[in-house]
Amino acid sequence: MRISAMTWMQVDEYLKQDDRCVLPLGSTEQHAYLSLSTDSILAEKIAMDAAEPLGVPVFPPVAYGLTPYFRAFPGSVNLRAETYLRLLRDVLDSLAETGFRRILIVNGHGGNSPGLGLLREWITDHAGVRAKWHNWWNAPQTWAKVKSIDPDCSHASWMENFPWTRLSNVDSPTVKKPMVDFNRLDIMNAQETRQYLGDGNFGGLYQRSDDDMLAVWQVAVDETRALLEGGWDV
């Protein structure tokens, strides 16, 4: 269930019998021919599809993250690392103060990875609270499923091209783009990155069949739900 569909009184009642919640993390950044909100859309939907059968509330996604390399692409929004980590800490503090004791973070953007270091520090400072960091797209089972379908994939390629990240007025190319050189990409500034990437896709097919995509999605949902259901005890 979405927190946005609950009152504070309902949350208060929920916390009397369960202390789990889900916090999706996303980004607003270029995804070639897909929505600029792709990372946020996917993190929230994975969280909802996994949590809804369990009755666990899902908070709105943090829609801005760390994406300095895409600053030259219009519509991309970057937070400074200091800003992002302070934001994440404040959100977690609020959840713990409310009474949530088992927090699953569903991350949809690789650039947000510094948040994992913060989370480990935060857990140490909050005895009695458990929190998990879950990169849904490259979690073991999901990543294995992606690779079994097509190993040539990365940012803004077919692996992010779901029915809910496509734009109705935009068609994806039907060609297969050569994979980028990640060693070169890692030393480029934002303007150089835009020039090098062109449309923003890192390589691979732009789109695969919906059957392939839904197969990946089901594995990702099941893998995420399993994290909510167990593994909270040390």
Only one of (1) buried (at least 17 other Cβ atoms within 10 Å of the Cβ); (2) at pLDDT below 95 is not met by residue 62, so which one is it?
-> (2)
Could you grab the pairs with beta carbons closer than 6 Å, sequence gap of 6+ or different chains, first residue in segment 54-73 and among the charged types (D, E, K, R), second one outside any strand (DSSP E or B)?
-> 71/190
Elements of type helices (runs of 4 or more DSSP H) in segment 146-234, at least 3 residues being surrounded by 14 or more Cβ atoms within 10 Å (Cβ to Cβ) = 190-197, 210-229
For segment 1-53, enumerate the residues that are surrounded by fewer than 14 Cβ atoms within 10 Å (Cβ to Cβ) and without any contact (Cβ under 8 Å) to a residue 40 or more places away in the chain.
-> 5, 7, 8, 9, 10, 12, 13, 16, 17
Go through segment 173-205 and count every residue that is in contact with a Phe, Trp or Tyr (Cβ under 6 Å, 6 or more places away or on another chain), closer than 17 Å to residue 33 by Cβ and hydroxyl-bearing (Ser, Thr, Tyr).
-> 0
Considering residues that are touching a strand residue (DSSP E or B) at 6+ places or on another chain (Cβ under 9 Å) and either outside any helix (DSSP H, G or I) or surrounded by 24 or more Cβ atoms within 10 Å (Cβ to Cβ) (or both), the number found within segment 99-118 is 13
Looking at segment 89-147, which of the residues that are out of contact with any helix residue (DSSP H, G or I) (no Cβ under 8 Å at 6 or more places or on another chain) and among the β-branched types (Val, Ile, Thr) is nearest to residue 78 (Cα to Cα)?
-> 91
Right, residue 36: within 30 Å of residue 153 (Cα to Cα), assigned to a loop (DSSP other than H, G, I, E, B) and modelled with pLDDT of 95 or more or not?
-> yes
Report whether or not residue 121 is surrounded by 21 or more Cβ atoms within 10 Å (Cβ to Cβ) and of a type in the set (Asp, Glu).
-> no
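The values are calculated or read from the model by the stated rules, or taken from the named source; none is laboratory data. All values derive from a computational prediction rather than experimental measurement. Don't worry about glycine lacking a Cβ; one is built from the backbone with ideal geometry, like all the others, and counts go over all protein chains shown.
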